[in-house]
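Step one of this worksheet: look at the structure below.
All of the numbers you see were taken from the coordinates with simple rules; none came from a lab. Just so it is clear, the model here is predicted, and its values are computed rather than measured. Because the Cβ atoms are built from the backbone with ideal geometry, glycine has one as well, and the counts that use them run over all protein chains shown.
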Amino acid sequence: MAFLLTMSDAINRVLERVARVSGWLFFALIAIICWDILTRKIGFQIPGFGSTPIQELEWHLHGVLFLFWLGYGYVRNVHVRIDVFTAHRSPRQIAWLEVFGIVVFAVPYCIVATWFAYGFAELSFLQGESSDAPNGLSHRWIIKSTLFLGLLMVCAAVVSILARNVVYLFGPLPLARRAAPPGTTN
């Protein structure tokens, strides 16, 4: 049981580090959006770096930020939840619901989505895919690879949460207390 908690803590640290490092992309995204707005208003553009590649880079950065923060959001419990099923339940009942949801929904989704995301990125790489726009960005496989990497991080987050809930439900009291959700008394 201690191994599960140690593994969960390690996964959480990696996800936090990835989120913190990728968070710096917000500054690049803000700069690119400002540049896009300015070039549209004043009509100045750098040859070969017009509005189309700028807009594509904007959505690429949005995608990277979302995908690289998704797993971290799950382990921090800041994702959207529907509290209809959990509003009046005890922490142990909530943990059981979480385990059920992970085993029945999250694990199959992670397996299928990650498998297809890998194929999606691989095919893009092998074909040398680029933007459909004539002056768009090349190397479309890069953004498609971030889908695969983001889903791997979601899978890691699912494993982390499952491990914590297993320790909380079945572990010895000292470990169960460490695995308990914040604000929970065991």
Practice task
Could you tell me whether F170 is on the phi < 0 side of the Ramachandran plot, in contact (Cβ under 8 Å) with a residue 24 or more places away in the chain and of a type in the set (F, W, Y)?
Solution key: yes
Practice task
Could you grab me the full set of residues in the stretch 119-159 that are more than 19 Å from the chain's Cα centre (by Cα), closer than 17 Å to H62 by Cβ and not polar (S, T, N, Q)?
Solution key: G136, L137, R140
Problem - Any pair with Cβ under 7 angstrom, 6 or more apart, that starts in the stretch 144-162 at a residue that is farther than 12 Å from G71 by Cα and ends at one that is in a helix (DSSP H, G or I) and of a type in the set (S, T, Y) - result: K144/S124; F148/T114; F148/Y118
